[in-house]
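These notes concern the structure reproduced below.
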Amino acid sequence: MTEDIGAPLLEVKGLGKRFGGFVALEDIDLTIAKGERLGLIGPNGSGKSTLVNCLCGTLHNETGTVTFAGRPLNGLIAHERTHLGLARSFQLPKPFHSMNLVDNLRIPLLYTVNARPHHHLTDAAIAERCAELLKDVGLADKARRRPRDLTQVEMRKLELARAVATEPTLLFADESMAGLSHSEIEEILAVLMRLNEHGITIVLIEHIMSAVMSFSTRLAVLVAGHKIADGPPQEAIRNPEVERAYLGE
Amino acid sequence: MRAPAFWLCIVVVGAAFIVLSRTFLTNEYFYFAGYVVLQYIVLSTAWNILGGYTGYTNFGTGAFFASGAYCSVVLHKLPGLVHSAFGLTIVPIPLPVMIVAGGIISGAMGLGTGYLTLRLRGVFFAIATLAFTIVVQTLIVNWDFVGGSRGIYIIRPPNAPLGGGYIQYLFTWMTILTVVSVGIARSIEGSRLGLGFASIRDDELAAEASGVPTLRLKLIATTLSGALMGMAGAPLPYYVTYLDPTSSFNLAYAVNAVAMPVIGGMTSWIGPVIGAILLGTIQQVATVTISSALNLLIVGLLLIFFVIIAPNGLVGLVQSWRRQREA
Amino acid sequence: MLGLFINAIVAGVLLGGFYAAVSVGVTISFGMLDIANIAQPAFILLGCYAAYIMNLYFGLDPIVTGVIMTPAFFALGMLVYRLYYFAFEKRGDQAIQGLAFFFGLLFVGEVSLVLVFGVDYRFVAASYIGPSLHLGIVELPFRMLLPCVFSLVMVGVTQLYLTRSFVGRAILAVSQDPGALQLMAASPTKIKQIAVGISIATCAVAGSFLIIIQPVEPSIGRDYIGRIFAICVLGGMTSFPGMLLASMLLGIVESLTATFYGPSWAPAVAFGFLLVTLAARPAGLLGR
C-alpha cells in the first residue's frame, strides 16, 4: 500500500492553451497531492498530451498558473522544470538513437541529477546508477545495445527509465502502454507501482481503462480541452458527462 | 586513447611536421598547397562541432571565415590609422594577436546569430546562416577602409619570426591551428559536453526533457565553431596578398566546409580530417589541371552523392564494413 | 524629391509583385510541405537561361517561353522530389542531410551554369523592355509592369488551383495532416510529388520574368535565397495573402534603400528582414 497521500505537490489554476484559433485547453484546474497516483483519461484529442506538454514546459500555456512544491513554474523552460523534479516519458518513445542504453541514461544523470546543488555523482556512481536503473526495468542484458535493437515494450521501458533517472518527485507517464499485450501492460504497471512505493507521485495518462482503474487512486477526465470530472475512480467514471463523452448520447 | 594522451600525440605530430618540413622541404609550392589543405581541416573540424556533433547545419562558413580575414586587415591597417590620426607610432600587430582577435570576433558573431535563431528549428538556423553571409558581405563591400568591393592589397612583412620565408611562417601557424582544432574536437567527443551535443542531435525535445540546457549548449557550439573558423581566416590576407569580398566570401568555402565532413564522416574528429585532406588535395590538383569551376562542380556532385548514398561518410562506410565482418 | 520617393515606392510595388511569383514555389514546398528547398533559386535561374536561349536563337518572347517550359519544369520538380523522398523521407533521416542535398543542388546548379554560359550578364530582347507608361510623375517601366501583372495572375491561378481542384485541396490537406489523407486512399507521396512539381514549374515562369526585369548571371541566385525565405517566413509560411503582403513590403523597402542609399545595400535588406523576422516574430506578419 502506498504511503499516506499528503500535501499538494502540483497546483494548476486556470490553465489555457490555444493553437491559433483552436482552443486545446481551457480553464484547467488540477491539484496533485504528494504520493498519489492520478489517472488522466479522455477521448483522443481531448488535450491530455497538450496538458502534459504545458506542465513540463515543452509548450507554453497562455493563461493560468502552475505551482510545483510551492514554486511558480511560469516562465521556466522544460529543462529547468526537470531540474526541479518534474519528469515525463513521451507518448512515442524518443530515445537517443546514436547512443547505447547506458549513455541514454547517463544524459539525465549528468545533466539533471548533477546539476542540482547538493548532488554530485562521480563517474563510477553514475555507471552504477545506470546499471541499477536498467536492471529495475529488466533491460540490463541490453545495456550496450542501441535503441534500434529494442522491441516496442523495451523502448517504453527505456523511456520510463530515462525519466526516472532524473530522480523526479512527479512523473508523467504519457500513454506508455499503447499497443502492448496484456502481460506487457502488467510489466509496466508493476514498474510504475514500484516507483510510487518509493515515493514518486505518478500521473498516468492512458486509454486502457483496466490499467487506469486498477492503478489510480484518483481519476481526472478531460474532454475537448475541459476537465469534466475529478475524483475517486469509481465515482468519476459514473459521472454522466463522462459516460456521454465515451459512449455518445 | 584518452583525451590528454591524444593531445600529447597530436602536439608531437604537429611539432614534428613543422620541424621536418622546415628542414627538408624547400619547395615553396608545398607550403602554398599545404596551407590550403590545413586551412580546410580547421574549417571542416570547426563546422563539424556544430554540424556533425550537434546536428545544426551552418551554411555561413564564409561569413565567419572572411570576418576573421577582414579583422586582420583592420588590425594590419591600425598602426597607419593611429599614426595619421594621433601621430602615435605603434608596432605592427603580430599575427598571433590577429588570430586571437579573429577568433573573438567570429566567436561573438556565432553567439549573436545563434542567439537570434537557435530557439527555432534547425532549418531556420541553416537558412539564417546563408542570409547572414550575404549581410556581412554587403557590409564589407560598403566599407571602404578595408577596400570595399575593389579589394585591398596586403604586403607581407619582410621578415618572418622563427626565420625562413613568410609563407613557412603562415604554414606553421596553420599547423598549430589544426592541432588546436582537432584536439578540441576530440576532447569534446568523450566529454559530458559532447554527450550533451549528441543528445541534442538525436532528439532535442527529449534532451530538453532530460534536463539538458539545449539553448546554452547550442550557443557554445556556435560560438566555438565560429571562433575556430575566424581563426582559420585570420592569416588569409597575408597568404593571398590581395583580398576582396568576392573571393573571401566565396561560396566554395561554405560548400567545402559542408562537403568535407559529410564525405569524411560527421560522427568523429577523424571524418573532417580525412574529408579535408582528400577533397583539399583533389581540388589543389584539379585547379591546376582542369578549370577551377569544374573542380567545384565535382565537389558539389560528390556532396550530393555522399549525402544520398553514404550519409555517414567514409568513416561510416568503414564502420559498417567492420560490423559486417564481425557478424 | 517627392517624385523620386513616389517612383521608388511604385517600383517597389512592381518589384513586390514579381517577388510573389518567385516565392510562391517555396511557400508550397517549404511552407506547406516542410521541404526546405534552398535550391529554388537555381531552378529560377534555369528558367532565366531557358528564356535567354529561346529568345536568342528563336526570337521567342520570354514570357511565352516561360509558359511553354512549365510542363518540363513540372517533370523536373517531380524528379527532384522522388530523389529527395528516396534519399531522405523514406529513411526518416535527420534534416541535416536533406539540407545538404539541396545546398549541393544549389551549388551544382550555379557552377553548371557558369561552365555552360560563363559569368557574363545575359539579357533578353523584347519590345517592351525600354519604354514606360507615364501617369503624371509616376513612371511605370513596362519591363517591370508586365512581369508584376503576370506574376499576380500566376499566383492567383495557383491559389485557385489549390483551393478548387481535387489535387490542389489534397495538397492543402497533406500540408496539415498526411495521416488523414492516407485514410482517404490518396497517397501522400504522390500528392507531395505533384506539389513539388508545381513549385518548380513556377520557376520556369518566374525565371522568364527575372530576365526581363534585369540581366542575369549565375551568382545572382544567392541573393534570392534570402528574399524567398524572408517572404515565406514573413508571410506566415502557408498563407498566400501573407506572402503577397510580405513580397510588397520587401519590394518597397528594397526599392527605397536602393534609391536613397545605393543599390549595393539592397541584398542586405532581404536578409536583414529575414533575421529580424526569425528573431522577433517567427509566426509572420499575419500571425498564426
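Taken together, the values in this text are just the output of simple stated rules run on the coordinates, not laboratory data. Every value quoted in this text rests on a predicted model; they were computed, and no experiment measured them. Virtual Cβ from ideal backbone geometry, glycine too; neighbours counted across all protein chains shown.
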task: Taking the Cβ of each residue in B:7, B:47 as the centre, tally the other Cβ atoms inside 10 Å and list the residues starting with the fewest.
output: B:7, B:47
query: Given the Cα-Cα distance of residue B:155 and residue B:326 and 0.36 nm per residue of separation, how much length would full extension add, in nm?
result: 55.8 nm
- request: Report the label-to-label distance for residue B:305 and residue B:241 in nanometres (one decimal), using points 7 Å from each Cα along the Cα→Cβ vector.
  value: 3.7 nm
field: Peptide B:249-256 - average C-beta neighbours from other chains (10 Å radius)
entry: 3
- prompt: If the chain between residue A:239 and residue A:13 were fully stretched, how many nm would it gain, using 0.36 nm times the residue separation less the Cα-Cα distance?
  reply: 79.1 nm
statement: By Cβ neighbour count within 10 Å, fewest first, C:85, C:261 rank C:261, C:85
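Which order do peptides C:35-47, A:142-154, C:206-218, C:66-78 fall in by mean Cβ count within 10 Å, highest first?
Averaged packing, sorted descending, gives the order C:35-47, C:206-218, C:66-78, A:142-154.
In debye to the nearest 20, how big a dipole does chain B give about its Cα centre with +1 on each Lys and Arg Cβ and -1 on each Asp and Glu Cβ? Mind dumping the intermediate values first?
Values: 15 positive and 9 negative charges, 68 e Å.
It comes to approximately 320 debye.
Can you give the Kirkwood hydrodynamic radius of the protein assembly as shown from its Cα pairs, in Å with one decimal? Don't skip to the end; give the middle numbers.
Numbers: mean 1/r = 0.0336 Å⁻¹.
Kirkwood radius, the protein assembly as shown: 29.8 Å.
Mind checking Rg over Rh on region C:1-120, alpha carbons, Kirkwood formula for Rh?
Working: Rg = 17.5 Å, Rh = 16.6 Å.
Using Cα coordinates only, the ratio equals 1.06.
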query: Simple spin-label model, 7 Å along Cα-to-Cβ: residue B:9 to residue B:25 in nm?
result: 2.2 nm
field: Within straight-line cross-link reach of residue A:94, lysines at Cα separation under 17 Å, skipping those fewer than 8 residues along the same chain
entry: A:157
statement: Looking only at aspartates and glutamates whose Cα falls under 13 Å of residue A:227's and that sit 8 or more positions away or on another chain, we get A:26, A:27, A:29, A:241
- prompt: Any idea what angle helix C:166-176 forms with the longest principal axis of chain C, computed on alpha-carbon atoms, 0 to 90 degrees, nearest 10?
  reply: 80 degrees
task: Subtract the Cα-Cα distance of residue A:178 and residue A:80 from 0.36 nm times their separation in residues, and report this length gain in nm to one decimal.
output: 32.4 nm
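Where does chain C land at 222 nm, in deg cm²/dmol rounded to the nearest 500, when only DSSP H runs of n ≥ 4 count, each adding -39500 (n - 2.57), divided by all residues?
Values: 11 runs with 207 residues, N = 288.
Helices in chain C give a 222 nm mean residue ellipticity of -24500 deg cm²/dmol.
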- line: Computed from the beta carbon distance with a Förster radius of 51 Å, FRET efficiency for residue A:146 and residue A:65 to the nearest 0.05 stands at 0.80
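Using packing as a proxy for protection, rank B:104-110, C:153-159 so that the peptide with the highest average count of other Cβ atoms within 10 Å comes first.
Working: B:104-110: 22.7, C:153-159: 16.7.
So the peptides B:104-110, C:153-159, ranked by packing, come out B:104-110, C:153-159.
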task: Over the alpha-carbon set of chain C, work out the extent along each principal axis and list the three values in angstrom, largest first.
output: 60, 45, 35
message: Show me the ranking of peptides A:159-170, B:149-160 by mean Cβ neighbours inside 10 Å, starting with the highest.
response: A:159-170, B:149-160
query: Hey, what D do you get for region A:142-234 in µm²/s if you plug the Kirkwood alpha-carbon radius into Stokes-Einstein at 37 °C and 0.692 mPa s?
result: 228 µm²/s
- request: May I ask for the angle, rounded to the nearest 10°, between helix A:123-136 and the longest principal axis of chain A, with both axes built from Cα atoms and the value confined to 0 to 90°?
  value: 50 degrees
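What does the average come to when, for each residue of peptide B:129-140, you count the partner chain Cβ atoms lying within 10 Å of its Cβ?
Details: counts 0, 9, 14, 5, 4, 10, 9, 2, 4, 9, 2, 0.
If you average over the peptide's residues, the count of other-chain Cβ atoms is 6.
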- prompt: Assuming R0 = 30 Å, what is the FRET efficiency of residue A:120 and residue B:16, from their Cβ-Cβ distance, to the nearest 0.05?
  reply: 0.15
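Could you line up C:265, B:269 from fewest to most neighbouring Cβ atoms inside 10 Å?
On the way: C:265 17, B:269 25.
Starting with the residue having the fewest Cβ neighbours, the order is C:265, B:269.
How much of the DSSP bridge set in the protein assembly as shown is antiparallel, in percent, rounded to the nearest 5? Could you put the intermediate results ahead of the total?
Details: 27 of 44 bridges.
Among the beta bridges of the protein assembly as shown, antiparallel pairing accounts for roughly 60 percent.
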Choice from A:86, A:133, A:121 with maximal GNM fluctuation in chain A (Cα, 10 Å cutoff): A:121
- line: Note: A:73-84 gets an average of partner chain Cβ contacts (10 Å, Cβ to Cβ) equal to 3
task: Give the residues of region C:1-45 whose amide nitrogen is closer than 20 Å to a point set 7 Å from the Cα of residue C:75 in the direction of its Cβ.
output: C:43-45
- prompt: Which residues in region B:19-49 have a backbone N closer than 19 Å to a point placed 7 Å from the Cα of residue B:143 along the Cα-to-Cβ line?
  reply: none
field: Between helix B:166-190 and chain B: long-axis angle, C-alpha atoms, 0 to 90°, nearest 10
entry: 30 degrees
